[in-house]
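Trainee: One structure is given below, represented as structure tokens, and several questions about it will come after.
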Amino acid sequence: MCNLYAITTPQSALRDFVKAQKDVAGNLPSLPGVFPDYAAPIVRNGEDGIELASARWGLPSPAFALKNRIADPGVTNVRNAASPHWRRWLGTAHRCLVPFNSFSEYDSVAGHKEPVWFALSDKRPLACFAGLWTSWTSVRKAKEGEVTVDCFAFLTCEPNREVGAIHPKAMPVILTEPDEREAWLRADWKDAAALQRPLPDGALSIVARGRREDGGEAADQPRDLFSA
């Protein structure tokens with residue numbers, strides 16, 4: 001289960017990549033290590049069109065997971081989209097893209113867990129996870145108290161060959177083509193649901209090992225989101 005990723009593409013390039021009509025994300029820093037509950041960029045349908053925003057990683061947990069707990073840091077990965085808990089956010093108003101350059105799964109090496117970083121190539125070109133977002137009021141951290149935040153998670157699926165060799169249970173749903181990203185944001189759920197599938201074998205490369213941040217640069221120029 002992916003609980004660590006990197007997004008280091010500059011904000012101006014992110015806006016160009018998604019053809020954002022509006023940017024409400026504030027001043028986005030380079031994020032070589034995004035951990036659960038960190039704020040990170042998402043792309044969603046706004047009132048004025050495609051919108052670049054910032055949200056905290058982790059959707060509200062199901063009620064059964066909160067028994068005897070004071071705080072809810074959120075769920076970072078969503079696998080069972082048929083669950084009633086997640087179904088409320090499957091419409092286009094709550095679907096989002098989560099830009100990334102690389103993501104990490106943990107491998108067991110000599111008795112300890114070591115991050116293994118994956119990307120579309122060693123140049124770490126920009127891509128997107130298929131995500132869901134909502135605005136939610138809860139206690140995410142006991143010391144923070146009750147807050148209302150925009151929050152997100154992304155979908156997972158069966159792993160492809162590269163990820164499965166490290167983490168055999170799941171991988172993030174990754175959208176690499178403009179028509180896939182457009183469908184995720186705009187299509188009816190019966191069509192968008194078909195995108196919850198792994199990348200083909202051979203589509204990912206291991207670009208780093210053993211560090212909690214991926215400092216590699218995204219060298220490729222990003223493509224337009226909805227270009228042919």
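Trainee: Going down the table (19/190; 22/123; 22/143), which pairs top 30 Å between alpha carbons? Please report the intermediate quantities before stating the final value.
Mentor: Values: 19/190 25 Å; 22/123 28 Å; 22/143 33 Å.
With Cα atoms farther than 30 Å apart: 22/143.
Trainee: Amide H to amide H under 5 Å from residue 78: which residues, 5+ apart in sequence or cross-chain, H placed 1.01 Å off N in plane?
Mentor: 154, 155, 156
Trainee: Say a site is exposed when it is one of the GluC sites (Glu not before Pro), sits in a DSSP loop, and has at most 13 other Cβ atoms within 10 Å; what is then the longest site-free stretch of the chain? Mind dumping the intermediate values first?
Mentor: Values: sites that count: 47, 144, 217.
With GluC sites (Glu not before Pro) excluded where exposed in loops, the chain gives 48-143 as its longest stretch.
Trainee: Sticking with this structure for a sec: Please arrange 97, 155 by how many other C-beta atoms lie within 10 Å of their C-beta, fewest to most. Can you show the working numbers first?
Mentor: Working: 97 28, 155 25.
Ordered from fewest to most neighbouring Cβ atoms within 10 Å, 97, 155 come out as 155, 97.
Trainee: Cβ under 12 Å from residue 174's Cβ, residue 174 left aside: what net charge do those residues give with Lys, Arg +1 and Asp, Glu -1? Walk me through the numbers before you get to the answer.
Mentor: Working: positive: 181, 197; negative: 162, 177, 180.
Summing Lys/Arg as +1 and Asp/Glu as -1 gives -1.
Trainee: Taking the beta-carbon count within 10 Å as an exposure proxy, list 156, 176, 148 from fewest neighbours to most. All intermediate terms of the calculation are to be shown ahead of the outcome.
Mentor: Details: 156 22, 176 15, 148 9.
Listed from fewest to most nearby Cβ atoms, that is 148, 176, 156.
Trainee: With only alpha-carbon pairs counted, each pair once and no self-pairs, how large is the Kirkwood hydrodynamic radius of the chain in angstroms? Before the final figure, lay out each step's value.
Mentor: On the way: mean 1/r = 0.0563 Å⁻¹.
Kirkwood hydrodynamic radius for the chain: 17.8 Å.
Trainee: Here is a further query. Rank these for me by crowding, 64, 154, 100, going from fewest to most other beta carbons within 10 Å.
Mentor: Numbers: 64 7, 154 26, 100 29.
Placing the least packed residue first, the sequence is 64, 154, 100.
No lab work stands behind these numbers, since they all come straight from the coordinates. Please read these numbers as outputs of a predicted model, since none were measured by experiment. Heads up, the Cβs are rebuilt from the backbone with ideal geometry, glycines too, and the neighbour counts pull from every protein chain shown.
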